[in-house]
């Protein structure tokens, strides 16, 4: 199963036989007070810095979220999407819980975007899936309902089936345009939660063969040594079937672990990307 997204000039293919898709998470004001304050005043200058850093770090795509309270999020998101597309040709993931903001972002986007996201509530599905269909986008589907995240991986699989029935059966969205988020939860809150996420990934991979993504930073939230935890988790998740992640691509330890897993899982033919990255790193150290 291949999920294809694009900007005006660049195409990215997500799939189990493709290099892992690194979706940069930094264009998001959550937990970033100074950035949020800048956005409230209409100052989008920090976006250029975040784009440059993530592109340099090797991002495959960029997630764009402008969720700042007491602002016109639709206007902010449309302006941000336009600005980012003027700075890079990487495809974008348009991220908002506000339907009007998603619509505004999709309206100005050039290419085929990934929409982040829709849940299993019928009201949300009926609000967001028509936008996805109209704009020919792909969409991330979260297997939870009414703000409840099921503990049982099979319940998550059941909700995924429900979303697919509606998205594919009623709205005629291609199955390949649906990327499932198996719901990553913090290991610090409950030491069994990561195993449940990995089991969910395996179930969805084995039974549905769909592409998957998740917020990788959620796993290590509140814990020390976050890069080591993120690196270990992503390598395990890739083996279970995860094909992309929204993550901090500026963390070399995590990106290096992903690239190593690509090689070991057979998605880096003859190790070309691994060797090229190693040589570039050595050259940078010398200079």
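Work out how much length residue 172 to residue 1 would gain on full extension: take 0.36 nm times their residue separation and subtract the Cα-Cα distance, in nm to one decimal. Don't jump to the answer; show the numbers that get you there.
Numbers: separation 171, 0.36 × 171 = 61.56 nm, distance 1.69 nm.
Fully extending the segment from residue 172 to residue 1 adds 59.9 nm.
For the stretch 144-192 and the stretch 215-263, what is the centre-to-centre distance using only Cα atoms, to the nearest Å?
20
Got a sec? Which residues in the stretch 10-31 would a label at residue 269 touch, if it sits 7 Å along Cα→Cβ and we count backbone N under 13 Å?
18-19
Once P(r) over Cα pairs in 10 Å bins from 0, in percent is worked out from the coordinates, which option in (1) 6, 26, 29, 21, 11, 5, 2, 0; (2) 6, 22, 24, 13, 5, 6, 8, 8, 5, 2, 1, 0, 0; (3) 7, 29, 37, 23, 4, 0 does it equal?
Evaluating P(r) over Cα pairs in 10 Å bins from 0, in percent on these atoms matches (3).
Could you give the nm distance between label points at residue 279 and residue 127, where each point is 7 Å from its Cα heading toward the beta carbon?
In this crude spin-label approximation the distance works out to 5.1 nm.
Given R₀ = 30 Å, what would the calculated FRET efficiency be for residue 154 paired with residue 134, taking r from the Cβ atoms and rounding to 0.05?
E(calc), rounded to 0.05, equals 0.35.
For residue 165 and residue 189, calculate 0.36 nm times their separation in residues minus their Cα-Cα distance, and state this gained length in nm to one decimal. All intermediate terms of the calculation are to be shown ahead of the outcome.
Working: separation 24, 0.36 × 24 = 8.64 nm, distance 3.26 nm.
The span from residue 165 to residue 189 would gain 5.4 nm if fully extended.
Classify the stretch 201-287 as rounded, prolate or oblate, taking a ≥ b ≥ c as the square roots of the eigenvalues of its Cα gyration tensor: rounded when a/c is under 1.5, otherwise prolate if a/b is larger than b/c and oblate if not.
oblate
Need the full-extension length gain, residue 57 to residue 10, defined as separation in residues times 0.36 nm minus the C-alpha distance. One decimal, nm.
15.1 nm
Bear in mind these aren't lab numbers, they're just calculated from the coordinates by the rules spelled out. Here the structure is a predicted model, which is why all the values come from computation and not from measurement. Using ideal geometry, Cβ is built from the backbone for each residue, glycine included, and neighbour counts are taken over all protein chains shown.
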